[in-house]
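Below is one structure, written out as structure tokens; comments come after it.
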Amino acid sequence: MKVKQVLLSLLFTVLILPSQTFAQRSAAEYFEEGNTKARASDFAGALQAYSVVVSINPEHAPSYFNRGLAKANLKDHRGAILDYDRAIEINPKEALYYQSRGVSKSMQDDYRAAIQDYTRAIELSPEDAKSYYNRGVSYAKLENHRSAMADLDKSLTLDPGDVAALYARGNCKQRLHEYAGSLADFTKVIEMSPKRAGAYAGRGNAKIELNDFAGAAADFTKAIELSPNESSYYDKRGFAKNKIEDFQGAISDYDKTLQLEPENYEAYYGRGFSKTKLNDQRGAVVDLTKAIEIKNLYVSDPKKIVYEGKITKSVLDELRNQVKEHVKIDDLTTERSEAYYIRGVSKSKSGDSKGALIDISTAVELNPTYADAYFSRGLIKSSIGEQMGAVLDFSSSIKLKSNFPEAYYIRGIIKHSLGQVNEGCLDLSRAGELGYMPSYKVISTYCN
């Protein structure tokens, strides 16, 4: 989700606190010099001036704070945090100090720590809309969209004209599949800021989900006018055109997408579909082959799989082997799929992986809704190195039984081991939510 990440709009003209009486007149002069340079965007000069002040008066919190802001504007967020730490140590009751430290932590992708700072800022200044906005954005970055929505709602209650908060909430609503509400938020953004390409794109996405494909194409056209080099806008407009059967127009959009982003496999897929509709079957096959092969882990040679995450092959094997299958007796149906399944599990436990796969695959063929069979087959595939096939089997078991914590757990550790760290950690989180407690030990070790 493309959400504007916040707040270096806390400019010095707003932030600067009144200077206190210094032991020496020169310290006050240096402080004002720092303020003047900061307002003129001479942040390096401001930083030097504030450094002189704190060398004279080491307990002057505003100078540490303003120096932190100068560092943040120079992209030195680690240094800024150290100055904010000192300002907070001297004066722990100033909400703006926590808010600004949260911003610098957010800029380093440390969203959990940033949320703690925004929460403290809210406790000290509960009517400050910007802290709710910042915390909402950080929650969204952590995929906690319900909490993000609550904060963005509060931010907009306090400041209804905040375009950034409306835009963020529109994105958040899309992640929660609240497309009508998302459309309304992006429409307001467009009314208030009509040159914002992302708002037209966001509204176009909402219209696609609401089956208004002609409206979506119109919005993406406007987004393209404002931002003509954004490949995703052409891709989405191509999709909308396919839906309204403007196949030639869709091909033109996908051509432009691939000109800007040659590895966009979704564009090859869309263009291949368009070509099938225009009876260019050879061209369609070429494009669809590209769609299948580009960046697709699931068509790679299992022998060439690289374990890219912190969870190595040996760790994966150890974690997977700790999971216990819940094999239970079911009524035997006419197709005897249950017997194939149990025989397959038995063969697997006796070391006959090949025979086990044949039996469990037969069980799945006879009963395509057999969630436990997919799960067991995934375990076997993973144990013999077929990680991509294992992920597909665990995904199938989850589709059939959404409250299957072990399936989320195993899929999570496999994805993590293959370098899909964020997706893997989200699966582990879901497994924990469903009651599989070993997930939290893995999360604490490999997801932080």
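Would it be correct to say that ALA168 is in contact with a helix residue (DSSP H, G or I) (Cβ under 8 Å, 6 or more places away or on another chain) and not assigned by TED's automatic domain parsing to the domain that holds LYS105?
On the way: in contact with a helix residue (DSSP H, G or I) (Cβ under 8 Å, 6 or more places away or on another chain): yes; not assigned by TED's automatic domain parsing to the domain that holds LYS105: no.
No.
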Item checked: Residue count, the stretch 170-202 (criterion: in contact (Cβ under 8 Å) with a residue 24 or more places away in the chain and assigned to a helix (DSSP H, G or I)) -> 18
Next item on the list: Could you please give the count of residues in the stretch 230-264 that are under 20 Å from ASP280 (Cβ atoms), in a helix (DSSP H, G or I) and touching an Asp or Glu at 6+ places or on another chain (Cβ under 8 Å)?
Entry: 7
Next item on the list: Might you check whether a residue that is in contact with a helix residue (DSSP H, G or I) (Cβ under 8 Å, 6 or more places away or on another chain), at pLDDT 95 or above, over 29 Å from ALA72 (Cα atoms) and buried (at least 21 other Cβ atoms within 10 Å of the Cβ) occurs anywhere in the stretch 184-199?
Entry: yes
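One line per residue, one yes/no per condition, for (1) in contact (Cβ under 8 Å) with a residue 40 or more places away in the chain; (2) part of a helix (DSSP H, G or I):
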| site | (1), (2) |
| --- | --- |
| GLU59 | no, no |
| PHE65 | yes, yes |
| ILE88 | no, yes |
| PRO92 | no, no |
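Please specify each residue of the stretch 51-70 satisfying the condition of being among the aliphatic types (A, V, I, L, M) and either over 9 Å from ILE90 (Cβ atoms) or at pLDDT below 90 (or both). Let's see the steps before the verdict.
Our first condition is that a residue be among the aliphatic types (A, V, I, L, M); within the stretch 51-70, this holds for 52-54, 56, 61, 69-70.
The answer is VAL52, VAL53, VAL54, ILE56, LEU69, ALA70.
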Next item on the list: Check the stretch 227-244 and report whether any residue there is buried (at least 17 other Cβ atoms within 10 Å of the Cβ) and within 21 Å of LYS130 (Cα to Cα).
Entry: no
Note to self: Restricting to the stretch 103-112, count the residues that are surrounded by fewer than 16 Cβ atoms within 10 Å (Cβ to Cβ) and either assigned to a helix (DSSP H, G or I) or of a type in the set (Ser, Thr, Tyr) (or both).
What the structure shows: 1
Next item on the list: Can you give me the number of residues within the stretch 274-299 that are at pLDDT below 90, part of a loop (DSSP other than H, G, I, E, B) and surrounded by 14 or more Cβ atoms within 10 Å (Cβ to Cβ)?
Entry: 1
Next item on the list: May I ask you to list the residues in the stretch 20-50 that are polar (S, T, N, Q), modelled with pLDDT under 85 and surrounded by 16 or more Cβ atoms within 10 Å (Cβ to Cβ)?
Entry: none
Next item on the list: Enumerate the pairs (first residue in the stretch 338-357 and farther than 18 Å from ALA390 by Cβ; second residue anywhere and modelled with pLDDT under 85) with beta-carbon separation below 6 Å, excluding pairs fewer than 6 apart on the same chain, so at least 6 apart or on different chains.
Entry: GLU338/ASP330; GLU338/LEU332
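The values are calculated or read from the model by the stated rules, or taken from the named source; none is laboratory data. These numbers were taken from a predicted model, which means no experiment stands behind them. All Cβ positions, even for glycine, are placed from backbone atoms using ideal geometry, and neighbour counts span all protein chains on display.
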